[in-house]
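Trainee: Sharing a structure below in structure tokens format, with a few things to ask.
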Amino acid sequence: MGTLRDLQYALQEKIEELRQRDALIDELELELDQKDELIQRLQTELDKYRSVIKPATQQVVKQTELHEQQRTKRQAISAEPTAFDIQDLSQVTLPFNPKSPQSKDLIKEAILDNDFMKNLELSQIQEIVDCMYPVDYGKDSCIIKEGDVGSLVYVMEDGKVEVTKESMKLCTMGPGKVFGELAILYNCTRTATVKKSPVGGEDELKTRVVSSPLLDRT
């Protein structure tokens with residue numbers, strides 16, 4: 001009888017061990033499914049960025065090549081220095097636009113959350129925050145049009161905007177987001193259209209903007 005009890009006990013241990021293994025397998029499969037979903041979401045976001053950045057990069061390459069050709073021609077014709085001097089620009093007194101502490105924090109956090117501007121030095125970010133000024137847009141306003149030449153960078157302060165490229169919706173953005181920076185940072189035309197979103201119900205869209213000369217300076 002003792003041997004039978006031992007076998008029954010050993011069998012129960014094996015059954016419990018298998019149950020624990022099955023539970024572990026279920027947990028690992030669930031974790032794997034979650035990671036697959038995360039990878040799909042990240043791939044979707046990456047595709048969106050690529051659809052915006054690739055045309056911008058191509059324009060930058062073309063403009064850089066054209067600029068180099070023009071500069072080579074100018075140097076071959078004349079030895080005179082160019083009119084632009086970065087030291088002169090650094091002496092420019094930057095405009096200061098007063099704003100509430102809440103607005104300052106929102107602008108700073110928006111810049112630090114932006115993949116293309118977060119690597120600026122803190123002093124440069126503070127200059128941008130200080131110089132930004134408010135601009136409001138009414139119902140059905142088009143803030144940025146794809147293909148246009150741009151000179152402003154925007155930070156959403158209130159309301160929502162809809163971003164489209166070639167009439168295809170990319171995303172909807174709310175307060176605390178930067179947009180319009182690609183055309184300035186990459187010296188190209190606007191890579192997407194940004195309009196006031198029909199969703200949300202706000203009659204007025206509030207933004208903060210800064211002009212491109214300041215970003216050139218930074």
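Trainee: With each pseudo-label sitting 7 Å past Cα toward Cβ, what's the Leu32-Arg5 distance in nm, one decimal?
Mentor: About 4.2 nm, to one decimal.
Trainee: Going by Cα centres, the stretch 162-189 and the stretch 103-152 are how many Å apart?
Mentor: So the two Cα centres are separated by 11 Å.
Trainee: While we're looking at this one, here's another question. If I stretch the segment between Ser123 and Leu46 completely, what's the gain in nm (0.36 nm per residue apart, minus their alpha carbon distance), one decimal? Walk me through the numbers on the way to the answer.
Mentor: Numbers: separation 77, 0.36 × 77 = 27.72 nm, distance 3.00 nm.
Difference between extended and current length: 24.7 nm.
Trainee: Highest mean first, how do 154-162, 28-36 rank when packing is the count of other Cβ atoms within 10 Å averaged over residues?
Mentor: Highest-to-lowest ranking by the protection proxy: 154-162, 28-36.
Trainee: Then there's this: Which peptide among 132-141, 181-190 comes first, and what is the full order, when sorted by highest mean count of other Cβ atoms within 10 Å?
Mentor: Numbers: 132-141: 13.7, 181-190: 19.3.
My ranking of the peptides, most packed first, is 181-190, 132-141.
Trainee: Moving on. With label points built 7 Å along Cα→Cβ from the Cα atoms of Asn97 and Glu146, find their separation and express it in nm.
Mentor: 2.8
Trainee: Taking all protein chains in place and a 1.4 Å probe, what share, in percent, of the accessible surface of the stretch 97-211 do carbon and sulfur account for?
Mentor: On the way: 2750 of 5790 Å².
That fraction is 48 percent.
The values are calculated or read from the model by the stated rules, or taken from the named source; none is laboratory data. No experiment lies behind these values; they were computed from the predicted model shown. Note that we place each Cβ from the backbone using ideal geometry, even for glycine, and neighbour counts take in every protein chain shown. What goes into the accessible areas is simple: the full protein's heavy atoms, side chains included, and nothing from ligands, DNA or RNA. Shrake-Rupley method; radii C 1.70, N 1.55, O 1.52, S 1.80 Å.
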